Number of protein chains: 4
Amino acid sequence: MDVVVVGASGFVGQELVRVLARHPVFEPVAFQAHQRAGRRLGELVPGLSVDLAERPIEPIDPRAVAAELAFCALPHGHSGGIIRELRARGVRVVDLGADLRLADEATWRRWYGDDHPAPELLGSAVVGVAEHVRTELASAQVWAVPGCYVTATVLAAKPLIDAGLARRDLVVVDAISGVTGAGSAATETTHFVNVAEGVRAYALGGHRHTPEMRSLLGVPVRFTPHLGPYSRGIAATITLPVADATVDADSVRDVLARAYGTSPFVEVRETPPSTREVRGSNRAVLAATVDDEVGVIVATSVIDNLGKGAAQHAVQGANLMVGVDEVLGLEGLGVWP
Amino acid sequence: MDVVVVGASGFVGQELVRVLARHPVFEPVAFQAHQRAGRRLGELVPGLSVDLAERPIEPIDPRAVAAELAFCALPHGHSGGIIRELRARGVRVVDLGADLRLADEATWRRWYGDDHPAPELLGSAVVGVAEHVRTELASAQVWAVPGCYVTATVLAAKPLIDAGLARRDLVVVDAISGVTGAGSAATETTHFVNVAEGVRAYALGGHRHTPEMRSLLGVPVRFTPHLGPYSRGIAATITLPVADATVDADSVRDVLARAYGTSPFVEVRETPPSTREVRGSNRAVLAATVDDEVGVIVATSVIDNLGKGAAQHAVQGANLMVGVDEVLGLEGLGVWP
Amino acid sequence: MDVVVVGASGFVGQELVRVLARHPVFEPVAFQAHQRAGRRLGELVPGLSVDLAERPIEPIDPRAVAAELAFCALPHGHSGGIIRELRARGVRVVDLGADLRLADEATWRRWYGDDHPAPELLGSAVVGVAEHVRTELASAQVWAVPGCYVTATVLAAKPLIDAGLARRDLVVVDAISGVTGAGSAATETTHFVNVAEGVRAYALGGHRHTPEMRSLLGVPVRFTPHLGPYSRGIAATITLPVADATVDADSVRDVLARAYGTSPFVEVRETPPSTREVRGSNRAVLAATVDDEVGVIVATSVIDNLGKGAAQHAVQGANLMVGVDEVLGLEGLGVWP
Amino acid sequence: MDVVVVGASGFVGQELVRVLARHPVFEPVAFQAHQRAGRRLGELVPGLSVDLAERPIEPIDPRAVAAELAFCALPHGHSGGIIRELRARGVRVVDLGADLRLADEATWRRWYGDDHPAPELLGSAVVGVAEHVRTELASAQVWAVPGCYVTATVLAAKPLIDAGLARRDLVVVDAISGVTGAGSAATETTHFVNVAEGVRAYALGGHRHTPEMRSLLGVPVRFTPHLGPYSRGIAATITLPVADATVDADSVRDVLARAYGTSPFVEVRETPPSTREVRGSNRAVLAATVDDEVGVIVATSVIDNLGKGAAQHAVQGANLMVGVDEVLGLEGLGVWP
């Protein structure tokens, strides 16, 4: 099946290239990007086959897209208009951008500080983690892949809230991401010397993934992101109020185990692993316990921000959209040690 | 003034050696340790003067201590008995261990899983961050330096709670430490390949610094620690419920600024820095804001876990105990970039 | 085809597991190891399929091997005896250990400081980089995979020497490896704090890969290894005397390009890349120039020490031994960024 | 004594600020820079005293310099003209730039690809490592501090060549530097994700520190630099041909030990340490052996590229220029672990 990548030059786009290069069904027929158009794919992503390496990055042009499915990996404000055109041409869309993740225009405008590029599309996309919207994806025309921090958080928190183990009250999320999350542009933030050998909180005043978490979980959320000195991986630690005194470690683990019992990419453990165990893969590992002295559930979640947090998650959902096994093309992508 | 280091061979002990090597008043006359006794200081700490490098590490023997002040950096369960003997000989003690940090024996036993080595000493030490117990330190015979995570947390949270800006309800603390916090022993946990290129939560079931935080802050605390791929530094992110709707970013920063206005080692900023800015130093940098959509104060704190988190904090307090300027020997220890 | 891994628990063994998990022809039927026998594979290597993750590590027993091919990844002195037994049972062997890499017993004894475990086997194995011994591998009963530093070096240097561009005189090799090269045991050397944020030379008195380089290149070699603060990857820089003044950058690149024109895993470039470009893969990237002011060729080579430097190289050669395409199971294993 | 820093905003300038902040004799009265003029010092260098942190960075203006000594840390081509003006005003200069390191204009032009900015000054500066030009520094008007790689190399190699242990033939230098060596500008080269988790050779065609090494050592040199995933530190490995068969490990160590017997910053060891042992300091640690099978001396040298490789070396030499103890202000600057 022919697919196209719109926004192929950033880290998420590069990961899409790496993954699609091995996918047995999706055939990437074009790679478009604003940045680095004209360069060959092999200049951005090492280790590709010669054929793929020689393919050029083309300028973005939705009217040139001749494919059944498009992966869009564009900055906020850029995908809305492009999706409008792709939809007009009957192309189904997996959108890794932020434009269609929130249904409410005012909320979008407040968090992104700008007019929405395609307000008529708000609410038209399936929104949520693939494991939570499997059925909807089968018929979805547009899927808005959640933000990386959102996926890590919602995977752990949503089953606990939905099962009634957590009270519908404030959830505190502290998460740390590797530097690929800060983008491929060379900035003061991504200079090695400013990142290495330390860690920092950022976006103290509010990170744009917050309204997504609130929307998908249906509870108040406080989210503080951090930047760590490594390339890939998110570790999210989520503190939720217990619903009542009967909730214990076993019951939270049971709920998570049941929620993901048949999910090939989500594992539930007693002890949280390092993000390096999921590096390069579409896997998520959850752990949870109850701190009964203070009445909270503490759940942890690790994913690769480019894998389950973005490009591989996108391919998983695309698999579900087109009706093939959700693991197609996604096995054996991790690296260890 | 003659001082002795008991427990000189671990990372905290090594940092004590590094700092005392330059202290203008404290004269380290002996270095004792269980581990590595017989080795020269220069084998553990590079860059010492020849004189200091040649000094041997002696076995621990409190009766051999001929000094006015002792720094103890020993595992829990080990310092209690030694402090008893040091006190009997009139030696004042700065204790970096856990034995005298909690006043309640049952609490200690529950968290440390063992009988307390010197229960008669419980409650006899001054406990708390130097900035908060300056007066008490002047006459203290024993000061129990808080745990590294505790110092980071309490510096930011205590003024906010004491000033009534935060409600006396659950405080959520997520913090990340560098690998020196995991000790100098070669273990699976400290193997480079298990630590590098990732981050992990640990002690999900409860970390021993939790009861210290609860005791010093006087509120319920949930604390989850994380291990990051770098050597030195703690970043703590603390979420506290606001007391009422009048509390805003300005008021929390004002309280922090007033609390530390004359403190040479604590700085209050709008934006949290990387831990690398305090690396090697006794500095702490705090930032705070109010998330009024969900009614919480979010405060952040960065310290060096071996500096303000342990050895340099110890020397700062020792300065106060003996009545010299608290900055003596502690300036210019950081490294940047 | 049934294969067995003898020595599955170290980093090389773990990489063999990762790679064989995806190989379309080789079916790993047993995993043996001295260390960690009894543990499940999933405890060592994350992200395996459930089936593979549940497989136990068995104690080493060559008589229990029922397979056509064995991969041995054992410390020096341990594989010789096991290969003797495997050969007696008609099992072909890919040996990642050091026992059969040198043909001369006295040389082996001098560098390894011990009696050889199976001197009658010396000289019986095919020795060399897969690209250089393709023909011999087709009928080889035992292939001794070169050491990681050796493969990096010989790939770049051998074509230049064989083509007569470099004089048969002293070659200087300085190379740096990631920490997986130092083994999975927790030691002072592999403690994060001793490795991170710095680099060191080691084995100044002579590294055991030196006689392999001398033997495969047929020239005097000085080799100094270094340890760098990252997990995977070797960068080797090789300085060779030019044969005469006609040798220039173009001629050395031509020789390398011709030598590897049909090799799927070796690329020749003008500018040396970071080892991170080959991380997780079986790829090697070579670059070379001539410094005509001082009359030397400078060639560089980057590989992944666990990939082309060990386990993936082993699978490539095994592919050639059994007559399937050498790339089988080896594509798409790298991770980027 | 009043001093000025011209070029205070790069990493070398920042390290000068850090060091001068503690110097007991040098009083920095102005900080000038092209970049970042107008910003406060505290925005660039954390942990300064309040007084120093508030000092502005001023535009570069040599006529505004009212000081006895100037430290210049400017890109090549920029310091020549400024030194001309400073000399005209009687200011002594410690130049960390490249303009006066080579005596020959043609050589300078060939390596720097440009006309020299002040050819009349060529040959007028004292050139060399402080330990090697102590006497000349006492009366020097201008000292050209060698490049970081040069200092690491020459410290180890020069005594061996001067003592006749090494033949005056090709010396091969491979060295690896931390990322501070690549400058404070955000570029593709310094993006965390391009540097972390790997190592690369660069400047294969020739690095500008090569002619300095050739000039200071008086022998042919091949030098290949590498970039490593850490912030500070250079490890240089130097392979020199032995003069004759009587040269052994003891004789080379003796020569080095004698050369630096009274030097407070240079240590000679049997085993090369990690660069992290000298991080933040002005120290150099040398090790050396003889590989008699191939007739070479292998010497290693570790320094901090910003410390002994630049700013601290500059201050050491400035101490010698003004006749105070060379260690003034340079002790206790390192950080460990």
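The values are calculated or read from the model by the stated rules, or taken from the named source; none is laboratory data. This is a predicted model, so every value here is computed, not measured. No Cβ is skipped: glycine too gets one built from the backbone with ideal geometry, and neighbour counts run over all protein chains shown. These area figures cover heavy atoms from the full protein model, side chains too; ligands, DNA and RNA do not enter into them. Shrake-Rupley method; radii C 1.70, N 1.55, O 1.52, S 1.80 Å.
Over the C-alpha trace of segment A:187-337, radius of gyration and Dmax come out as 17.0, 50 angstrom. Stokes-Einstein diffusion for segment B:257-337, with the hydrodynamic radius set to the Kirkwood value over Cα pairs and evaluated at 37 °C in a medium of 0.692 mPa s, equals 241 µm²/s. Label points for B:Gly183 are taken 7 Å from Cα along Cα→Cβ. From this copy to the others they lie 2.2, 4.4, 4.7 nm apart, shortest first.
Ignoring ligands, DNA and RNA, please state the percent of accessible area on segment A:2-124 from carbon and sulfur, probe 1.4 Å. Could you put the intermediate results ahead of the total?
Details: 2330 of 4960 Å².
Here it works out to 47 percent.
Pairing chains B and A buries close to 3700 square angstrom of accessible surface in total, based on protein heavy atoms and a 1.4 angstrom probe.
A simple charge model with +1 on the Cβ of Lys and Arg, -1 on the Cβ of Asp and Glu and nothing else charged puts the dipole of segment B:230-281 at about 400 debye relative to its Cα centre. Here segment B:140-294 is assigned +1 on the Cβ of each Lys and Arg and -1 on the Cβ of each Asp and Glu. Its dipole about the Cα centre then comes out at about 600 debye. Computed over every Cα-Cα pair of segment D:220-272 and binned at 10 Å starting from 0, the pair-distance distribution P(r) comes out as 17, 38, 37, 8, 0 percent. Over segment A:122-164, the ratio between the Cα radius of gyration and 2.2 N^0.38 Å evaluates to 1.20.
Taking every DSSP beta bridge that has both residues in chain B, what percent is antiparallel when rounded to the nearest 5? Can you show the working numbers first?
On the way: 25 of 55 bridges.
Taking every DSSP beta bridge within chain B, about 45 percent pair in antiparallel fashion.
Within the full protein context, the accessible area of D:Cys148 is estimated at about 30 Å² for a probe radius of 1.4 Å. With 50 Å² as the minimum drop in accessible area between chain alone and full protein complex (1.4 Å probe), the qualifying residues in segment A:174-206 are A:Asp174, A:Ala186, A:His191, A:Phe192, A:Val193, A:Glu197, A:Val199, A:Arg200, A:Leu204.
Distant-in-sequence amide contacts of D:Val242, defined by a placed amide H-H separation under 5 Å and a gap of 5 or more residues or a different chain, comprise D:Arg167, D:Val296, D:Ile297.
Measuring from each Cβ of chain A to the axis that turns chain A onto chain C, the shortest distance belongs to A:Val335, 2 (residue, then whole Å).
A helix-only calculation puts chain B at -7500 deg cm²/dmol for mean residue ellipticity at 222 nm, using -39500 (n - 2.57) for each DSSP H run of at least four residues, averaged over all residues.
Annotation: amide H-H contacts under 5 Å for D:Val266 (H modelled 1.01 Å from N, sequence separation of 5 or more, or interchain): D:Ala284. Rg of the Cα atoms in the protein assembly as shown, relative to 2.2 N^0.38 Å, amounts to 0.92.
Note on C:116-123: average number of Cβ atoms from other chains within 10 Å of each residue's Cβ is 0. Label points for B:Val133 are taken 7 Å from Cα along Cα→Cβ. From this copy to the others they lie 5.3, 5.5, 6.7 nm apart, shortest first. Ranking A:Pro241, A:Val193, A:Gly205 by how far each Cα lies toward the positive end of the dipole of chain A (charges on Cβ) leaves A:Val193 at the top. Assuming charge only on the beta carbon of Lys and Arg (+1) and of Asp and Glu (-1), the dipole of the protein assembly as shown about its Cα centre is about 0 debye to the nearest 20.
For A:Ala30, the shell of other residues with beta-carbons less than 11 Å away shows a net charge of -3, using +1 for Lys and Arg and -1 for Asp and Glu. Loop-resident GluC sites (Glu not before Pro) (DSSP state other than H, G, I, E or B) in segment C:230-313 with no more than 11 further Cβ atoms inside 10 Å of their Cβ: C:Glu270.
Would you mind working out the accessible area per residue for the protein assembly as shown, using a 1.4 Å probe, and quoting it in Å²?
On the way: 42440 Å² over 1348 residues.
Result: 31 Å² per residue.
Please report, as a whole percent, how much of the solvent-accessible surface of segment B:184-295 comes from carbon and sulfur atoms (probe radius 1.4 Å).
Details: 1590 of 3420 Å².
The nonpolar share, carbon plus sulfur, comes to 47 percent.
Among residues other than B:Val91 with Cβ under 15 Å from its Cβ, the summed charge is -1 (Lys and Arg +1, Asp and Glu -1).
When the P(r) is computed for segment A:66-112, the part past 17 Å accounts for 33% of the Cα-Cα pairs.
Three semi-axes describe the equivalent ellipsoid of segment B:2-124; taken as square roots of 5 times the Cα gyration tensor eigenvalues and ordered largest first, they are 27, 15, 12 Å.
Distances between equivalent label points of A:Arg63 across the copies, with each point positioned 7 Å along Cα→Cβ, amount to 6.1, 7.8, 9.6 nm, shortest listed first.
Can you give the local net charge around A:Val285? Use residues other than it whose beta-carbon is closer than 13 angstrom to its beta-carbon, Lys and Arg +1, Asp and Glu -1. The answer is +3. Shown for segment A:1-24: residues covered by the partner protein chains by 30 Å² or more of accessible area relative to the chain by itself (probe radius 1.4 Å), namely A:Phe11, A:Arg18, A:Arg22. Size of segment C:122-243: Rg and Dmax of its alpha carbons, in Å, are 15.8, 47. Backbone N atoms of segment B:222-258 closer than 20 Å to the 7 Å Cα→Cβ label point of A:Thr271 belong to residues B:223-230. In order along segment A:285-297, phi translates into HN-Hα couplings of 10, 10, 9, 7, 8, 10, 9, 7, 5, 10, x, 10, 8 Hz, rounded to whole numbers, per the Karplus curve 6.51 cos²θ - 1.76 cosθ + 1.60 with θ = phi - 60° and x for Gly and Pro. The average projected area of chain B, computed from the convex hull of its Cα atoms over all directions, is 16.5 nm².
Interface burial in segment D:275-291, defined as at least 50 Å² less accessible area with all protein chains than with the chain alone at a 1.4 Å probe, covers D:Arg276, D:Arg279.
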